[in-house]
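This structure is in structure tokens; I'll ask about it shortly.
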Amino acid sequence: MPSAARKTVPTVAPDQYLQVGGARLRYRDSGTGPALLLLHGWTLDLEMWEPQVGALAGEFRLVRLDRRGHGLSGGSPEVSGDAQDAAALCQHLGLAHVALLGMSQGARGALALAVQDHSLVRALILDGPPALEADGAEEDVPLEEYRRLIRTQGAEAFRRRWQDHPLMQLHSGTAGTRVLLAQMIGRYAGTDLLAASSARPAQPLDPGLVRAPTLIVSGALDLAGRLQSAARLCAQLPHAERALIAGAGHLPNLERAEEYSDLCRSFLRRHLPTHTAS
């Protein structure tokens, strides 16, 4: 379908909140059709998906969650709890079947839920996934350095340093996209970096247990380690396909928003029937 003929839907949706496991989690619910639940990466929040809501909400129901400790959600970031939070939101909204899109650190939670609940998760998109064997920490993120920085110089010093990290670089995009990225990082409180001890490690995941068809997306300019992790994960999943987005780094949904949305739409149309309950 030509881009000009696609139905666009306003992206403005009210913030809603759900109490889960001692944390008040923010979410937004836009559009109609089969449900797609989106999980963002570390230091980001649900607003990173604004381009996809505008492009896809005419055909799919887009449910976006601020992972705990991110954006306007309470609690402390805990990768091991992401799947439970996502499942609780699905139950709250009465979603019997969903597709999941997990970006970067959020891909761990999406993958964990796909392993745990085959009935719920009917399709899976993993964007820029980290190495699973990293036990919940990003192998290419200097967390100990960031912990020292935020404790000695404060949150703003950490944010400035993190914005310079290769994972947060935009190779293209509008001025508005750059403002959006800065705003999201500015909302990140860093409670996990300030915690006296690390959060409990994520449970080991066996990708071979995933039954849902899976699309693994990467920006072609992402870090070499991330590209290797994505390729390795693709080989481990029973029903996986691979896609690279040219000219984009670790944030392809912002850098190449139209191409990214088209890729997701095509995959979901093939694997998420329009009669799926939402």
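The values are calculated or read from the model by the stated rules, or taken from the named source; none is laboratory data. Here the structure is a predicted model, which is why all the values come from computation and not from measurement. Here the Cβ is made from the backbone with ideal geometry for all residues, glycine too, and neighbour counts use every protein chain on show.
Could you list, ordered by first residue, the pairs with Cβ atoms under 8 Å in which the first is in region 26-46 and free of Cβ contacts under 8 Å to residues at least 40 places away in the same chain and the second is among the polar types (S, T, N, Q) and assigned to a loop (DSSP other than H, G, I, E, B), at least 6 apart or interchain?
Hits for this filter: SER30/THR11.
Continuing with this model, one more query. Could you say whether any residue in region 202-213 is closer than 26 Å to ALA248 by Cα, crowded, with 19+ Cβ neighbours inside 10 Å and either touching a strand residue (DSSP E or B) at 6+ places or on another chain (Cβ under 7 Å) or at pLDDT 95 or above (or both)?
The answer is yes, given that some residue of region 202-213 is closer than 26 Å to ALA248 by Cα, crowded, with 19+ Cβ neighbours inside 10 Å and either touching a strand residue (DSSP E or B) at 6+ places or on another chain (Cβ under 7 Å) or at pLDDT 95 or above (or both).
Right, here's the next one. Can you name the residue in region 152-165 that is surrounded by 13 or more Cβ atoms within 10 Å (Cβ to Cβ) and in a helix (DSSP H, G or I) and is also farthest from the chain's Cα centre (by Cα) among such residues?
Pass one, region 152-165, residues surrounded by 13 or more Cβ atoms within 10 Å (Cβ to Cβ): 155, 157-159, 161-163, 165.
Still in the running and in a helix (DSSP H, G or I): 155, 157-159, 161-163.
Working: ALA155: 23, ALA157: 25, PHE158: 22, ARG159: 20, ARG161: 22, TRP162: 18, GLN163: 18 Å.
Restricting to residues being surrounded by 13 or more Cβ atoms within 10 Å (Cβ to Cβ) and in a helix (DSSP H, G or I), the top hit is ALA157.
Also, quick follow-up: Tell me, which residue of region 226-242 that is surrounded by fewer than 20 Cβ atoms within 10 Å (Cβ to Cβ) and touching a helix residue (DSSP H, G or I) at 6+ places or on another chain (Cβ under 8 Å) is nearest to LEU132 (Cα to Cα)?
Residues of region 226-242 that are surrounded by fewer than 20 Cβ atoms within 10 Å (Cβ to Cβ), as a first pass: 227-228, 231-232, 234-236, 238-242.
Of the ones still in play, those that are also touching a helix residue (DSSP H, G or I) at 6+ places or on another chain (Cβ under 8 Å) are 236, 238, 240-242.
Details: GLN236: 11, PRO238: 16, ALA240: 16, GLU241: 18, ARG242: 17 Å.
Residue satisfying both the conditions and the ranking: GLN236.
Okay, moving on. Please give the helices (runs of 4 or more DSSP H) falling wholly within region 1-118 in which 3 or more residues are within 25 Å of ALA230 (Cβ to Cβ), touching a strand residue (DSSP E or B) at 6+ places or on another chain (Cβ under 6 Å) and not hydroxyl-bearing (Ser, Thr, Tyr). Explain how you work it out, then say what you get.
On the way: elements: 50-56, 82-93, 105-116.
Output list reads 105-116.
Which condition does ASP206 not pass, out of (1) touching a Cys at 6+ places or on another chain (Cβ under 8 Å); (2) within 23 Å of VAL79 (Cα to Cα), if it passes all the others?
Looking at each condition in turn, ASP206 falls short on (1).
Being free of Cβ contacts under 8 Å to residues at least 40 places away in the same chain and among the β-branched types (Val, Ile, Thr) is the filter here, so list the residues in region 47-79 that pass it. Don't jump to the end; show me each part of the working.
Residues of region 47-79 that are free of Cβ contacts under 8 Å to residues at least 40 places away in the same chain, as a first pass: 62-64.
VAL63 - this is the single residue of region 47-79 that is free of Cβ contacts under 8 Å to residues at least 40 places away in the same chain and among the β-branched types (Val, Ile, Thr).
Given region 224-278, what helices (runs of 4 or more DSSP H) lie entirely inside it while holding 1 or more residues that are of a type in the set (S, T, N, Q), closer than 18 Å to LEU62 by Cβ and in contact (Cβ under 8 Å) with a residue 12 or more places away in the chain? Quick ask: steps written out before the conclusion?
Values: elements: 224-236, 252-255, 257-271.
The helices (runs of 4 or more DSSP H) meeting that bar are 252-255, 257-271.
Against the condition outside any helix (DSSP H, G or I) and touching a Cys at 6+ places or on another chain (Cβ under 8 Å), how does LEU126 come out, does it pass? If you could, list the steps in order and put the result at the bottom.
Numbers: outside any helix (DSSP H, G or I): yes; touching a Cys at 6+ places or on another chain (Cβ under 8 Å): no.
No.
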